[in-house]
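Peer 1: The structure that follows is given in the form of structure tokens.
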Amino acid sequence: RKEVEQDPGPFNVPEGATVAFNCTYSNSASQSFFWYRQDCRKEPKLLMSVYSSGNEDGRFTAQLNRASQYISLLIRDSKLSDSATYLCVGGTGFQKLVFGTGTRLLVSP
Amino acid sequence: NAGVTQTPKFRILKIGQSMTLQCAQDMNHNYMYWYRQDPGMGLKLIYYSVGAGITDKGEVPNGYNVSRSTTEDFPLRLELAAPSQTSVYFCASRPPKAEAFFGQGTRLTVV
């Protein structure tokens, strides 16, 4: 079983839609969780960290469920510019960072 | 602000050749990582380091070697290039408990 698993998508949504991504992790010792965004042929860039209590940044909300070992990302009011691949990241302890395969999002007019 | 710098940006190698991918960071981060990303796929961890003199294998270390003699530098060595090593290679660094910062990547083709 992979350490971090995501639905690869693609998710095709119209502008203004709400879309949710889930990501599961296998190592219960994982301590650090993040969501990254990657545009085509570019390096990944941090979208947001994921905290146990859940956190929100504008249209984006991230949540962590330790009991079920998954993290989620909710995007509200999708914009064309949100089209990208979203990568979840789990860390074993505070050292190793393992990326999921990524979920591709396509927002259409 | 340089951040994480990778060189070269592009390289074409012949089968059996060797090369070193360079990675340098100026943020004094303890942790550094090498990932590879094949087309349409996610990032796979090759090697990582938690400090100078300390390295450890990731998911796909075969065919690669690393060293970490200084905090700033974390080179990745390919000894005998194979077509299966055609990929985009990303280097990243981070402080403990915080997010990782990535270099712009090295696009390697082995022919």
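Peer 1: Taking the conditions exactly as written (farther than 30 Å from B:GLY51 by Cα and either within 14 Å of chain B (Cβ to nearest Cβ) or in contact (Cβ under 8 Å) with a residue 24 or more places away in the chain (or both)), does A:ALA67 satisfy them or not? Steps first, please.
Peer 2: Numbers: farther than 30 Å from B:GLY51 by Cα: yes; either within 14 Å of chain B (Cβ to nearest Cβ) or in contact (Cβ under 8 Å) with a residue 24 or more places away in the chain (or both): no.
No; evaluated as a whole, the condition is false for this residue.
Peer 1: Under 8 Å between Cβ atoms, which residue pairs at least 6 apart in sequence (or on different chains) link something in the stretch B:65-86 that is closer than 15 Å to B:PRO8 by Cβ with a partner that is assigned to a helix (DSSP H, G or I) and open to solvent by less than 40 Å² (accessible area, probe 1.4 Å)?
Peer 2: B:LEU78/B:GLN85
Peer 1: For A:ARG41, state whether it is among the basic types (Lys, Arg), at pLDDT below 95, open to solvent by 10 Å² or more (accessible area, probe 1.4 Å) and part of a loop (DSSP other than H, G, I, E, B).
Peer 2: So A:ARG41 fits the description; yes.
Peer 1: Within the stretch B:42-58, which residues are open to solvent by 20 Å² or more (accessible area, probe 1.4 Å) and touching a Gly at 6+ places or on another chain (Cβ under 8 Å)?
Peer 2: Answer for the stretch B:42-58, where residues must be open to solvent by 20 Å² or more (accessible area, probe 1.4 Å) and touching a Gly at 6+ places or on another chain (Cβ under 8 Å): B:LYS44, B:TYR47, B:TYR48.
Table: residues versus (1) hydroxyl-bearing (Ser, Thr, Tyr); (2) part of a strand (DSSP E or B); (3) within 22 Å of B:LYS44 (Cβ to Cβ); (4) open to solvent by less than 20 Å² (accessible area, probe 1.4 Å).
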{"site": "A:MET48", "(1), (2), (3), (4)": "no, yes, no, yes"}
{"site": "A:SER52", "(1), (2), (3), (4)": "yes, no, no, no"}
{"site": "A:GLU56", "(1), (2), (3), (4)": "no, yes, no, no"}
{"site": "A:LEU64", "(1), (2), (3), (4)": "no, yes, no, no"}
{"site": "A:ALA67", "(1), (2), (3), (4)": "no, no, no, no"}
{"site": "A:ASP77", "(1), (2), (3), (4)": "no, no, no, no"}
{"site": "A:SER81", "(1), (2), (3), (4)": "yes, no, no, no"}
{"site": "A:VAL98", "(1), (2), (3), (4)": "no, yes, yes, yes"}
{"site": "A:LEU106", "(1), (2), (3), (4)": "no, yes, no, no"}
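Peer 1: Let me ask another. For the stretch B:102-111, which positions are more than 8 Å from chain A (Cβ to nearest Cβ) and either aromatic (Phe, Trp, Tyr) or buried (at least 19 other Cβ atoms within 10 Å of the Cβ) (or both)?
Peer 2: Taking the stretch B:102-111 as the starting set, the residues that turn out to be more than 8 Å from chain A (Cβ to nearest Cβ) are B:106-111.
Selection gives B:THR106, B:LEU108, B:VAL110.
Peer 1: If you don't mind, there's one more thing I want to ask. Can you pull out every residue in the stretch B:1-48 that is over 27 Å from A:TYR86 (Cβ atoms) and under 11 Å from the mean Cα position of the chain (by Cα)?
Peer 2: Within the stretch B:1-48, B:THR7, B:THR20, B:GLN22, B:ALA24 qualify.
The values are calculated or read from the model by the stated rules, or taken from the named source; none is laboratory data. For clarity, every value in this text was computed on a predicted model and none was experimentally measured. All Cβ positions, even for glycine, are placed from backbone atoms using ideal geometry, and neighbour counts span all protein chains on display. Only protein heavy atoms, including side chains, enter the accessible area calculation; ligands, DNA and RNA are left aside. Shrake-Rupley method; radii C 1.70, N 1.55, O 1.52, S 1.80 Å.
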